[in-house]
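Colleague: Quick one: the structure is below, questions incoming.
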Amino acid sequence: MTFFSNFTKEVIATGILLVFIFFLRIVSAKLIRRYGKLSFIMEHRTNLVIKYFNLLISIITIICLIVIWGVQKKDILFTLSSVTTVIGVALFAQWSILSNITSGIILFFFFPFRIGDIIKVHDKDFPIHAEIEDIKAFHIFLKTDKGESITYPNNLLLQKGISIVKSKIDDKEYTV
């Protein structure tokens, strides 16, 4: 009983934070699902973006709990800088993975092509004309007219010029 009397503010603040985080996760998931349905985005891609947002919310929650329970600021900064350094070194070594994940999120929200669209990748060395079969977190799967299956990294989609030859949604044919 002395625990609750000594830490009443912290317990109440923790409870309020957890309730807020619970509702934030529900609301953000609903908003992302609504956006996915309005944009005709596949459900597994929507679920992937929801997982990314939940991870971000969890990290922010842990930081808030550390602050609520009164961990010294210098200890927090030391821990965060150490963790950030280790993660930074690890991610720098794997920058292409992080780049592809970030590109996957950008493609989810801001790019006009979808699964089923036929695209042309404007690359002078390796031009590609293919249908998008699936879009994953790291890469997309393409199928050419000749039946070739191509795995193409998401980050290259943001770096290369892309033309939509035929869109599945509006069934329009574009001239390239």
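Colleague: When the dipole is taken about the Cα centre of the chain, and only Lys, Arg (+1) and Asp, Glu (-1) are charged at their Cβ, what size is it in debye, to the nearest 20?
Modeller: Dipole size: approximately 460 debye.
Colleague: Between region 63-84 and region 94-137, how far is it from one alpha carbon centroid to the other, in angstrom?
Modeller: About 38 Å separates the Cα centre of region 63-84 from the one of region 94-137.
Colleague: Under a 10 Å cutoff between Cα atoms, tell me which one of Ser39, Ser103, Ser81 has the largest fluctuation in the Gaussian network model of the chain.
Modeller: Fluctuation is largest for Ser81.
Colleague: Roughly what angle does helix 8-38 make with the longest principal axis of the chain, taking Cα atoms, 0 to 90 degrees, to the nearest 10?
Modeller: 10 degrees
Colleague: Say the dipole of region 1-48 comes from +1 at the beta carbon of Lys and Arg and -1 at that of Asp and Glu; which of Leu17, Val27, Thr2 then lies farthest toward its positive end?
Modeller: Highest projection toward the positive end goes to Val27.
Colleague: Continuing with this model, one more query. Going by alpha carbons, how many degrees (0 to 90, nearest 10) lie between the helix axis of 95-110 and the longest principal axis of the chain?
Modeller: Orientation of helix 95-110: about 80 degrees from the principal axis.
Colleague: State the percentage of accessible surface on the chain attributable to carbon and sulfur atoms; use a 1.4 Å probe and exclude ligands, DNA and RNA. Provide the component values of the computation, followed by the final result.
Modeller: Details: 8260 of 12090 Å².
With neighbouring chains kept in place, the figure for the chain is 68 percent.
Colleague: Something else about it: Round to the nearest 10 and give me the degree value, 0 to 90, for the angle of helix 43-68's Cα axis relative to the longest principal axis of the chain.
Modeller: Taking the Cα atoms of the chain, the angle to 43-68 is about 20 degrees.
Colleague: Taking the Cα centre of each part, how many Å lie between region 1-30 and region 43-62?
Modeller: Each part reduced to its Cα centre gives a spacing of 20 Å.
Colleague: Do the sum for the chain: with -39,500 (n - 2.57) for every DSSP H run of n ≥ 4, divided by all residues, what is the mean residue ellipticity at 222 nm, to the nearest 500 deg cm²/dmol?
Modeller: Value at 222 nm, helices only: -20000 deg cm²/dmol.
Colleague: State in Å² the accessible area per residue of the chain; use a 1.4 Å probe, count heavy atoms of protein chains only, and round to the nearest integer. It would help to have the intermediate numbers written out before the result.
Modeller: Details: 12090 Å² over 176 residues.
Using a 1.4 Å probe on heavy atoms only, each residue of the chain averages 69 Å².
Colleague: Still on this structure, please answer the following. Picking from Ile50, Ile68, Ile97, which is most flexible by a Gaussian network model of the chain using Cα springs under 10 Å?
Modeller: Ile68
Colleague: Which whole-number percentage describes the relative contact order of the chain, with Cα contacts under 8 Å and a sequence gap of 6 or more?
Modeller: 16 percent
Colleague: Okay, moving on. When the chain is treated as a GNM, springs tying every alpha-carbon pair under 10 Å, which of Ser82, Ser163, Ser99 comes out with the largest mean-square fluctuation?
Modeller: Ser82
The values are calculated or read from the model by the stated rules, or taken from the named source; none is laboratory data. Keep in mind that this is a model prediction, so the values were computed, not measured. FYI the Cβ positions are ideal-geometry reconstructions off the backbone, even for glycines, and counts take in every protein chain you see. Surface accessibility is based on the protein's heavy atoms, side chains included, excluding ligands, DNA and RNA. Shrake-Rupley method; radii C 1.70, N 1.55, O 1.52, S 1.80 Å.
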